[in-house]
Amino acid sequence: MPNRNLHQKPFDAGTLAKLEIFKLTAEGFLGVFIGSGQSRCMRIQILDFFCGPGLDSQGNMGSPVMLLRHLQNLGKKIQEEGYKVSVLLNDAEDDKVEVLKKNLKETKLDSGPYDLRFANREFLEVFPEEAARMEGAANLVLIDQNGVRQFPPDVFTKLRKLPTTDVLVFMSSSYAWRFQDAPEMQRHLETAKAFGPTTRTKSIIWRLFPSKRGAISTA
Ligand SMILES: C[S@@+](CC[C@H](N)C(=O)[O-])C[C@H]1O[C@@H](n2cnc3c(N)ncnc32)[C@H](O)[C@@H]1O
């Protein structure tokens with residue numbers, strides 16, 4: 001994964017749009033699992049596996065701050081109904097976890113109607129342990145990686161089999177598209193399924209069936 005420090009400058013428009021998608025997803029998930037009467041699951045887990053430091057250079061909220069603020073707003077309902085809410089905030093970079101702790105303290109989000117767990121580990125190392133804890137709970141999983149490598153097929157298969165689990169995965173589609181034919185990329189992502197035939201396959205089809213050229217998009 002490219003080592004990019006997105007949080008030392010203001011979030012760009014793409015990041016803000018991504019965070020809005022996360023906010024709506026988290027609100028939808030919590031709306032269903034907390035107090036809607038649609039679920040009897042009392043154990044709720046939110047797992048932000050690539051959490052970052054919580055705020056950008058201008059104080060815009062990243063995923064952990066956004067999430068904990070929403071949970072604080074639901075505090076009365078969580079307590080009245082007796083939900084057990086656990087939040088995992090993990091980032092491979094220890095300085096980001098330290099800055100996050102400081103930011104949560106300053107924003108008074110370091111305690112609330114939730115049990116906060118911090119971790120400072122590589123996602124693919126921490127995921128199997130966390131996946132075992134997800135059984136029997138309602139889970140919201142956020143995989144906000146920078147590239148594409150952190151969502152291999154075995155992680156997808158494991159998550160797909162968990163009931164009452166919502167998963168939001170971000171990946172760099174432009175990077176995946178650009179390098180779709182590279183064996184390195186195909187180790188991480190089935191690009192033919194994601195984008196249709198690879199450029200190499202398309203050019204073979206075009207050579208064999210020139211009349212079909214317009215039918216197979218190059219986009
Ligand atoms: C796109 S940022 C996440 C932003 C965060 N969701 C937010 O809203 O501010 C990706 C984060 O993943 C962390 N990271 C990179 N590789 C990782 C890995 N293999 N496992 C866990 N965290 C990783 C980076 O340090 C970075 O903070």
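What follows is calculated from the coordinates using simple rules that are stated; it is not laboratory data. All figures in this text were calculated on a predicted structure; none of them were measured in a lab. Ideal geometry is used to build each Cβ from the backbone, glycine not excepted, and the neighbour counts take in all protein chains shown.
With helices as the sole contributors, the chain gives -13000 deg cm²/dmol at 222 nm; each DSSP H run of n ≥ 4 counts as -39500 (n - 2.57), and the sum is divided by every residue. Ordering Arg69, Arg149 from the fewest to the most neighbouring beta carbons within 10 Å gives Arg69, Arg149.
Principal-axis analysis of the Cα atoms of the chain puts helix 199-208 at an angle of about 30° to the longest axis. Of Ile46, Tyr114, Gln79, which is farthest along the charge dipole of region 39-123 in the positive direction, counting Lys and Arg as +1 and Asp and Glu as -1 at C-beta? Highest projection toward the positive end goes to Gln79. Relative contact order of the chain: 20 percent, from C-alpha pairs under 8 Å at least 6 residues apart in sequence.
Using Cβ point charges alone (K and R +1, D and E -1), the dipole size of the chain about the Cα centre works out to roughly 840 debye.
With both residues required to sit in region 6-171, DSSP beta bridges show an antiparallel share near 10%. For the pair region 79-111 / region 126-180, the C-alpha centres are spaced 20 Å from each other. For the set Lys23/Lys161; Lys18/Lys161; Lys9/Lys101; Lys158/Lys193, the pairs lying more than 21 angstrom apart at their alpha carbons are Lys23/Lys161; Lys18/Lys161.
Under Stokes-Einstein, with the Kirkwood radius over Cα pairs as Rh, the value for the chain at 37 °C and 0.692 mPa s is 172 µm²/s.
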